[in-house]
Amino acid sequence: MIFDRFIEWMNVQPVIVLLMSIAALILFYTTYSRSDEPINTFWAWLKRFVESTVVTLLFLGLLWGFRTILNNNMSTFYSTHGSLSDISRDSAQSIWGRPHYQGELNVNHYIRKMVKQEIPQEDPTKPPIYKDVEIREQVPENSVQSFKGNVNMTLSNREKGYAYYSGYIIDANYTYDVINDSNLVTEAEFDFPLSPNQTMHENFSIQMDGKDISQQVQYVGDNVHWMVNMQPGQRSTIEVAYTSRGMDTFTYQITNRREIKEFELTLTIDRLPVSLLNYPDGALTPTEIKSTPDRLGSVLTWRLDRAITSAGMGVALITPEQPGAKVLQVLVNSAYGITLLLAVLCLTLLIRGEKVNFLDLALISGAYSIYYMVMASVSDFFFGFWGSLILGTIVTGLLTYFLFRRLESKLLRNLIYGVVGFFTVVYPLSGLLTQVADRNTFDGLVQIGLIIYLFFLSLYTRVERSKSKE
């Protein structure tokens, strides 16, 4: 199982595993070769081999121990800052409201007429007998002549557990100009669909030609239904208004493919700048996009005339930044960071001919781990992300300085300070890169840079030693 995990890790982070393996092998070799005891018996050789193996295993154990500490630190932080899930989203929607989906008003015209209907007889040889039967027949019409809609959206993020979701409140007003363009008196059936399974519609009102007809309508499922007689050529104005709320997306949908005439829908969003706009899948892009007067929001307008479509129009809100999201992105890199740091520090000491002091390695590992622990512990308070990052950097930097300030080699001191500084200040911030390609590029450059650093350090040390022998 351990071997399988090693192979899996090798496939994911080959350069990190390679550096760690090289450090372990060099550590084993230098420990083995530095012993002053002569190898003149099998037991002397076995003793030296066991000592070198124990030192190497202690190094690997130290590395994995602090990796476990940092992974546990990240898991603990994630348990209270990473609850953004489909389950909690569904729960929030059941309380606040689902994505708002508003279909257009449907108008169908019918007439009643008498038709002859044959009466069934037992004897098929007898002449047929008919009776007059009244039927209701649909009159094909495209009744909606024009539409003007105004929707004001006020963003209101919702909290569920430890996560925030994009919620909103809308004030909607829709005006439809309908006509009976036949030469017949028709029974006009109106169906205004409500957003399916929506939590609430408040201040709901329907007016026809300026008169409130709320008492005449019937609520059938998610439809508001009413019927009136319309004279030939009669025009009527239907006004629907309500206040509702929802989450994630708002869509106004033309439900049936037809010719759209004099259509205008305006959606005003109070705190969503133009640069952050996004649209539901398959939705038409707005005809016009403007900023609100305070430049904090957006005004989207769709205009259609003599168009044939059954498309939707609307906006898809971005997910709010979650509490501790930046900190969590940095903590994800912590285990990789300490692995690289210990491997590079160990190789730096060995290349410079210094003995690896396990107490020093343990202390520098602890100092580096404190950096991430500080971020996870205090970032929720007034420090915030950048405050906790600076505080953690100061603590780790001071501990590193006091630990290595008495090293005789100034070059080695500066190299250690530089390596720790890089992995404290620069490397963790790579977690803030949002694009996978950018993160991969950064990781690749870091790995290339470390290999080049170790190569030139080894070359410089070799040249330095050659000059000292001369």
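Nothing in this text is a laboratory measurement; each read-out follows from the coordinates by a stated rule. Keep in mind that what you see is a predicted model, and the values were worked out from it rather than measured. Glycine gets a Cβ as well: all are built from the backbone with ideal geometry, and neighbour counts include every protein chain shown.
Sum up the charges of everything whose Cβ sits under 14 Å from the Cβ of P193, counting Lys and Arg as +1 and Asp and Glu as -1, but leave P193 out.
Combined, the nearby Lys, Arg, Asp and Glu give -4.
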Mean projection area, nm², convex hull over Cα of segment 276-322: 4.2 nm²
Relative contact order (%) - the chain, alpha-carbon pairs under 8 angstrom, separation at least six: 16 percent
Space enclosed by the convex hull of the alpha-carbon atoms of the chain, per residue, Å³: 266 Å³
Globularity ratio of segment 102-316, using Cα Rg and 2.2 N^0.38 Å: 1.31
For segment 102-316: relative contact order, % (alpha-carbon pairs under 8 angstrom, 6 or more apart): 22 percent
With Cα atoms, 0 to 90° folded angle of helix 384-404 axis to the chain main axis: 10 degrees
Segment 91-135: proportion of alpha-carbon pairs further apart than 12 angstrom, %: 77 percent
Ratio Rg/Rh, restricted to segment 339-421 and using Cα atoms, in which Rh is the Kirkwood radius: 1.03
Degrees separating the helix 334-351 axis from the principal Cα axis of the chain, which is the longest one: 20 degrees
Rounded to whole Hz, the Karplus (6.51, -1.76, 1.60) HN-Hα couplings of segment 254-263, x for glycine and proline: 7, 6, 10, 5, 7, 7, 9, 10, 6, 9
Karplus-derived 3J(HN,Hα), 6.51/-1.76/1.60, for each residue of segment 289-297, Hz, glycine and proline x: 10, 9, 8, 5, x, 8, 6, 8, x
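Please report the orientation-averaged projected area of segment 192-253, defined via the convex hull of its C-alpha atoms, in nm².
5.2 nm²
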Against the rule of thumb 2.2 N^0.38 Å, how large the Cα Rg of segment 66-118 comes out: 2.85
Long-range HN-HN contacts of G297 with modeled amide H, under 5 Å: L272, T292
Estimated 222 nm signal from helices in the chain, with DSSP H stretches of n ≥ 4 weighted -39500 (n - 2.57), rounded to 500: -14500 deg cm²/dmol
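Counting Lys and Arg as +1 and Asp and Glu as -1, each charge on the Cβ, what is the dipole of the chain about the Cα centre in debye, to the nearest 20?
Details: 39 positive and 45 negative charges, 558 e Å.
That gives the chain a dipole magnitude of about 2680 debye.
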Helix 358-378 vs. the chain, principal-axis angle (Cα, 0 to 90°, nearest 10): 20 degrees
